[in-house]
Amino acid sequence: MTPDSLIRGLAHVGIAVRSLEEAIPRWTESLGFRPTCPCGAEAVPPTILDPFLGAGTVAGVAEVLGRRWIGCELSADYAALVPQRIDEVRAWF
């Protein structure tokens with residue numbers, strides 16, 4: 001996966017951006033989430049779950065956006081690629 005393919009994928013779902021840098025504010029802005037508990041605690045950014053982690057592209061984007069992530073991958077070969085993919089995704093931004 002490349003930055004260009006991510007931009008094309010965003011366009012496919014109706015999000016038109018010229019670069020990934022332009023898309024980041026859209027991904028990180030709050031849409032009005034409010035905690036439902038009355039404890040008054042700060043809102044915590046969501047943890048991203050990727051049950052089919054593969055090479056780890058979603059994990060890399062989650063890290064770029066400052067999110068925690070959990071990934072599940074059955075293949076040890078794919079799981080071994082995750083640290084490299086996270087570094088590649090960081091380089092896109």
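The values are calculated or read from the model by the stated rules, or taken from the named source; none is laboratory data. Remember, predicted model here, so these are calculated numbers, not experimental data. Positions of Cβ are backbone-derived with ideal geometry, glycine not excepted, and every protein chain shown enters the neighbour counts. Accessible surface is based on the protein model in full, side chains and every heavy atom, while ligands, DNA and RNA are left aside. Shrake-Rupley method; radii C 1.70, N 1.55, O 1.52, S 1.80 Å.
Mind checking which pairs have a first residue in region 59-74 that is closer than 21 Å to Phe93 by Cα and a second that is open to solvent by 70 Å² or more (accessible area, probe 1.4 Å) and among the basic types (Lys, Arg), Cβ under 8 Å, 6 or more apart or different chains?
Going by the 8 Å Cβ cut-off, the qualifying pairs are Gly60/Arg90; Ala62/Arg68; Glu63/Arg90; Val64/Arg90.
Across region 41-79, which residue is nearest to Leu6 (Cα to Cα) among those that are more than 12 Å from the chain's Cα centre (by Cα) and open to solvent by 80 Å² or more (accessible area, probe 1.4 Å)?
Applying the filter and picking the extreme gives Phe52.
It is to be established whether one or more residues within region 80-88 are in a helix (DSSP H, G or I), under 11 Å from the mean Cα position of the chain (by Cα) and modelled with pLDDT under 90. First the steps, then the outcome.
Taking region 80-88 as the starting set, the residues that turn out to be in a helix (DSSP H, G or I) are 82-88.
Okay, now just the ones that are also under 11 Å from the mean Cα position of the chain (by Cα), so 86.
Now restrict to residues that are modelled with pLDDT under 90: none.
The answer is no, given that none of the residues of region 80-88 is in a helix (DSSP H, G or I), under 11 Å from the mean Cα position of the chain (by Cα) and modelled with pLDDT under 90.
For residues in region 65-93 being of a type in the set (Val, Ile, Thr) and in contact with a helix residue (DSSP H, G or I) (Cβ under 8 Å, 6 or more places away or on another chain), which is nearest to Arg18 (Cα to Cα)?
Filtering region 65-93 for residues of a type in the set (Val, Ile, Thr) gives 70, 82, 86, 89.
Right, trim to in contact with a helix residue (DSSP H, G or I) (Cβ under 8 Å, 6 or more places away or on another chain) and you get 82, 86, 89.
Details: Val82: 27, Ile86: 22, Val89: 17 Å.
Per the stated criteria, the residue is Val89.
Give me the pairs: first residue in region 37-49 and over 29 Å from Glu73 (Cβ atoms), second residue basic (Lys, Arg) and modelled with pLDDT under 80, beta-carbon distance under 9 Å, and six or more apart or on different chains, which are they?
Partner pairs satisfying both residue conditions: Ala43/Arg34.
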